Structures are given as structure tokens and as C-alpha cells.
Amino acid sequence: MLILAAIPLGNPGDASDRLKAAITEVDFIAAEDSRRFGRLCAELGLTYEAKIYSFFEGNENERLEPLLEILASGKDLLVVTDAGMPGISDPGYRLTREAIARNIPIRVLPGPSAVTTALLYSGLPTDRFCFEGFLPRTSGARVTALEKVREEERTMIFFEAPHRLEDSLVDAITVFGEGRLASICREMTKTYEETIRGTLQELLQWAQSREILGEITLVVAGFDAASRSHSASELVDLVLAREGQGESRKEAIAEVAKQTGLAKRAVFDVMVAHKGADRMGK
């Protein structure tokens, strides 16, 4: 049987009895980081005799067949990640898919999840939400990914590395607008757990004022469909009016975006289309 088990995010007290029993009973364990897994077992006071296989993003494909052979032999295999649930932005999905294809039984031991924990901490709507995983590492790809969910009405949850948080917030403001509500959840369930709530602009100011360390989950409010009430012609008029008062095109777009609650990119796109229409008219 393939056993997928949730691991505590940080506080070992969140380990379930079913997880602890599985650790001591199975013959084989696939762990994302064997050293971190060993430290968790020490904190829980557990001893195990299972053979440990490293199973992380870099070796996931080459490990699939050896792990499937264990399962095909009738043995139980426990899969654990560094924190949270296997397969959620961590190894586990491909192994699960192959096990299902080969009619190998699967058992899931539920438990801690950074996704739902951050969602609850955020204070944003929880009735409908979507998980977008890690954002791309480069700004261009990140903006493209965010553009695809610019009008997503559900609360959105992203994972991010601490050293990329500031850049990701800048790109999120470009796409979603500086006034979009969001929250940063850092080091959840750990000693220095912290949640920062506010607009994307306020979160950016917070991130710029300190060194960011630890595991980061970013939660962003969904798109407000009511903001579509501003027509393209109205936006053009607002921008042109500000330009007539001496503001640059860039300044005017930023102020209109702030005034309407739209993303700067949305107002910019309207102005590009307007400029193109003017050229065609000439």
C-alpha cells in the first residue's frame, strides 16, 4: 500500500497518531529530506526500522520505478515531505498516479496544510479559493502567470521563497493593483510565526523594511467583479484629464488605477489600445 502522510509544518505537536504509527510500522519510507525526517522522529520520540529513500524534486523521476517495485512486492511505503502533504508542490503526485494505474492501494493520512492554514490566517473569503503553487522565478514569467489569474474571483494562495517575496509583490501590484487585499503568512506553527495583513502596497512596504526569512505563503483576495463597471472610454477620459493637468502618462495611469481600484497594467492596456485606435483613425 502507498501511504501519503501529512507532516507538521513546524510544531511537532501537530503530528497525528496515525502518522506516528505508520512511521514505526512500515518497512520503507520515502522522505524529501532524510535528515529533517530524522529530526522530527527524534522530537516525537519515535524509533523506526524502515529503510529510508530520499525522494525530492531532483530525483523524483529516477526513484519512481524502485519505489513502485517495493509496492508491487506487497510492502507498504510511507511517503513524507519536509512539511505538509506530499504532492502539494512537493514530490508525490507522479508516484500516486503510477500507483493508481497499477491498481496499488492508496491511503492518505490527513493533517497539517500550509494552504488551508494560511487561508484561515488571512481573514480573506474562505468559501471559494484556489491554490497556485510557487510563482515563476523570473519577473517576466511571473507577470504572465499572474495575468492569467488577474480576474480570478476566488481567494488565491501562492507559495514563495523569502528572497523573491519583494519582487513578487512588485509584480502582483503591477497586475492586481496596489489596493488589492492580501496577507503574508511566515513560519506558520513555528516559534516566530507571523501574519501580515493589508493591501499589496502595504505588504510591499513591510517586506522592504526588513530581511525576510522562513517559509512564506502569500494569500491574495480575488478580483472584484464590480470593478468592471469602468468602461474603456471612461478610463481613457480619466487618464487624459490628468495629463491635461500636467501629469505624465505614467503618473496619470498610476493615479487612475488607484482611483478605480484597477491594476496599473489594466489601465495601461486600455491606453495602448486607445493609442492604436487613434493611429488607425489617422
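Structure above, values below:
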item: So residue 232, is it in contact (Cβ under 8 Å) with a residue 24 or more places away in the chain and under 22 Å from residue 134 (Cβ atoms); result: no
item: Flag for residue 189 being modelled with pLDDT of 95 or more, outside the structural domain of residue 14 (by TED's automatic domain parsing) and at positive phi; result: yes
item: Close pairs from segment 65-91: first free of Cβ contacts under 8 Å to residues at least 40 places away in the same chain, partner surrounded by fewer than 24 Cβ atoms within 10 Å (Cβ to Cβ) and among the acidic types (Asp, Glu), Cβ under 7 Å, at least 6 apart; result: 68/98
item: Within segment 88-194, helices (runs of 4 or more DSSP H) holding 2 or more residues that are in contact with a helix residue (DSSP H, G or I) (Cβ under 8 Å, 6 or more places away or on another chain); result: 93-101, 139-148, 165-176
item: Residue in segment 48-66 that is among the basic types (Lys, Arg), more than 19 Å from residue 111 (Cα to Cα) and crowded, with 16+ Cβ neighbours inside 10 Å present; result: yes
item: Subset of segment 69-82 (residues that are on the phi < 0 side of the Ramachandran plot and either more than 32 Å from the chain's Cα centre (by Cα) or surrounded by fewer than 23 Cβ atoms within 10 Å (Cβ to Cβ) (or both)); result: 69, 70, 71, 72, 73, 75, 76, 82
item: So residue 40, is it of a type outside the set (D, E, K, R), in contact (Cβ under 8 Å) with a residue 40 or more places away in the chain and in contact with a strand residue (DSSP E or B) (Cβ under 8 Å, 6 or more places away or on another chain); result: no
item: Every residue from segment 140-168 that is surrounded by 15 or more Cβ atoms within 10 Å (Cβ to Cβ) and either small (Gly, Ala, Ser) or free of Cβ contacts under 8 Å to residues at least 12 places away in the same chain (or both); result: 145, 168
item: Every pair of residues 6+ apart whose Cβ atoms lie under 8 Å, when the first sits in segment 102-124 and is basic (Lys, Arg) while the second is surrounded by 19 or more Cβ atoms within 10 Å (Cβ to Cβ) and in a strand (DSSP E or B); result: 107/2; 107/3; 107/4
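The values are calculated or read from the model by the stated rules, or taken from the named source; none is laboratory data. What you see is a predicted model, and the numbers here were worked out from it, not measured in a lab. We place every Cβ from the backbone using ideal geometry, glycine too, and count neighbours over all the protein chains shown.
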